[in-house]
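Asks: Handing you this structure, nothing more for now.
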Amino acid sequence: MLLGVLAMALVVVASNILVQYPINDWLTWGAISYPAAYLVSDLINRGHGPIPARRVAWVGFAVAVAASLALAPPRIALASGTAFILSQLLDISVFHRLRQGRWWKAPLAATILAAMLDTFVFWSIAFAGGGDPWFTWALGDLGVKLAMGLLLLLPFRLLTWRSVH
């Protein structure tokens with residue numbers, strides 16, 4: 001579980017830093033790194049179940065928020081922590097309910113729903129009311145999270161192949 005916690009914390013801290021750097025009016029670098037958090041949760045959930053996955057999410061949340069407070073502005077750290085834990089708990093729940101179906105349904109559905117929740121919560125807390133084009137960044141962010149969710153199905157399948165067969 002330690003590896004999962006470290007991976008989760010690394011993804012969130014890196015994303016909190018990278019979200020401060022726009023690529024254009026539609027996207028920040030954080031959108032590219034953040035979907036790996038769903039991969040971590042889904043792998044732990046597949047291998048160990050929802051209870052350990054929730055533990056990793058909560059510990060990863062605490063570590064990431066503490067590190068984010070040191071490395072990112074407080075508003076981004078608060079937005080990230082709130083969006084992270086809400087979306088992770090949703091991801092874990094949806095994945096667990098769908099885990100008995102086809103191998104791709106649980107990670108894909110969980111990632112889509114969690115990414116939508118994360119995007120709405122994060123961007124509305126972190127940047128709403130400011131002068132930045134946060135709404136278009138949120139749309140671009142969501143699009144990349146969804147595309148990355150599709151791309152991360154391949155490593156998910158490769159890393160869980162033995163447990164399915």
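Asks: Within region 1-32, which residues are outside any helix (DSSP H, G or I), touching a strand residue (DSSP E or B) at 6+ places or on another chain (Cβ under 9 Å), modelled with pLDDT of 85 or more and hydrophobic (A, V, I, L, M, F, W, C)?
Replies: 29 - this is the single residue of region 1-32 that is outside any helix (DSSP H, G or I), touching a strand residue (DSSP E or B) at 6+ places or on another chain (Cβ under 9 Å), modelled with pLDDT of 85 or more and hydrophobic (A, V, I, L, M, F, W, C).
Asks: Do we find that residue 40 is more than 13 Å from residue 119 (Cα to Cα), of a type in the set (A, V, I, L, M, F, W, C), surrounded by 22 or more Cβ atoms within 10 Å (Cβ to Cβ) and out of contact with any Phe, Trp or Tyr (no Cβ under 7 Å at 6 or more places or on another chain) in this structure?
Replies: On the way: more than 13 Å from residue 119 (Cα to Cα): yes; of a type in the set (A, V, I, L, M, F, W, C): yes; surrounded by 22 or more Cβ atoms within 10 Å (Cβ to Cβ): yes; out of contact with any Phe, Trp or Tyr (no Cβ under 7 Å at 6 or more places or on another chain): yes.
It is true that residue 40 is more than 13 Å from residue 119 (Cα to Cα), of a type in the set (A, V, I, L, M, F, W, C), surrounded by 22 or more Cβ atoms within 10 Å (Cβ to Cβ) and out of contact with any Phe, Trp or Tyr (no Cβ under 7 Å at 6 or more places or on another chain).
Asks: Just to check your reading of the model, which residue among 117, 108, 86 is touching a Gly at 6+ places or on another chain (Cβ under 7 Å), among the hydrophobic types (A, V, I, L, M, F, W, C), in a helix (DSSP H, G or I) and under 20 Å from residue 143 (Cα atoms)?
Replies: Checking each option against the conditions leaves just 108.
Asks: Follow-up question, since we're still on this one. Applying the selection to region 105-120, what residues are within 18 Å of residue 30 (Cα to Cα) and open to solvent by less than 20 Å² (accessible area, probe 1.4 Å)?
Replies: 111, 114, 115, 118, 119
Asks: Give the residues of region 33-43 that are in a helix (DSSP H, G or I) and modelled with pLDDT under 90, sorted by residue number. Give the steps one after another, and end with the answer.
Replies: Residues of region 33-43 in a helix (DSSP H, G or I): 33, 36-43.
Matches in region 33-43: 33 only.
Asks: Just one of (1) open to solvent by 20 Å² or more (accessible area, probe 1.4 Å); (2) under 12 Å from the mean Cα position of the chain (by Cα); (3) not β-branched (Val, Ile, Thr) trips up residue 83, so point out which.
Replies: Just one mismatch for residue 83, condition (1).
Asks: Consider region 120-146. How many of its residues are assigned to a loop (DSSP other than H, G, I, E, B) and over 17 Å from residue 81 (Cα atoms)? Working first, answer last.
Replies: Narrowing region 120-146 to residues assigned to a loop (DSSP other than H, G, I, E, B): 127-133.
Then keep just the ones that are over 17 Å from residue 81 (Cα atoms); that gives 129-133.
Result for region 120-146: 5.
Asks: Same structure, new question: Given the options 102, 157, 46, 97, name the one that is modelled with pLDDT of 90 or more, surrounded by 17 or more Cβ atoms within 10 Å (Cβ to Cβ) and on the phi < 0 side of the Ramachandran plot.
Replies: 46
Asks: Given the criterion open to solvent by less than 10 Å² (accessible area, probe 1.4 Å), aliphatic (A, V, I, L, M) and within 23 Å of residue 32 (Cβ to Cβ), identify the matching residue among 56, 63.
Replies: Only one candidate passes the filter, namely 56.
The values are calculated or read from the model by the stated rules, or taken from the named source; none is laboratory data. Quick caveat, the model's predicted, so the values are computed rather than measured. No Cβ is skipped: glycine too gets one built from the backbone with ideal geometry, and neighbour counts run over all protein chains shown. For the accessible areas, the whole protein counts, side chains as well, though only heavy atoms, and no ligand, DNA or RNA atoms are used. Shrake-Rupley method; radii C 1.70, N 1.55, O 1.52, S 1.80 Å.
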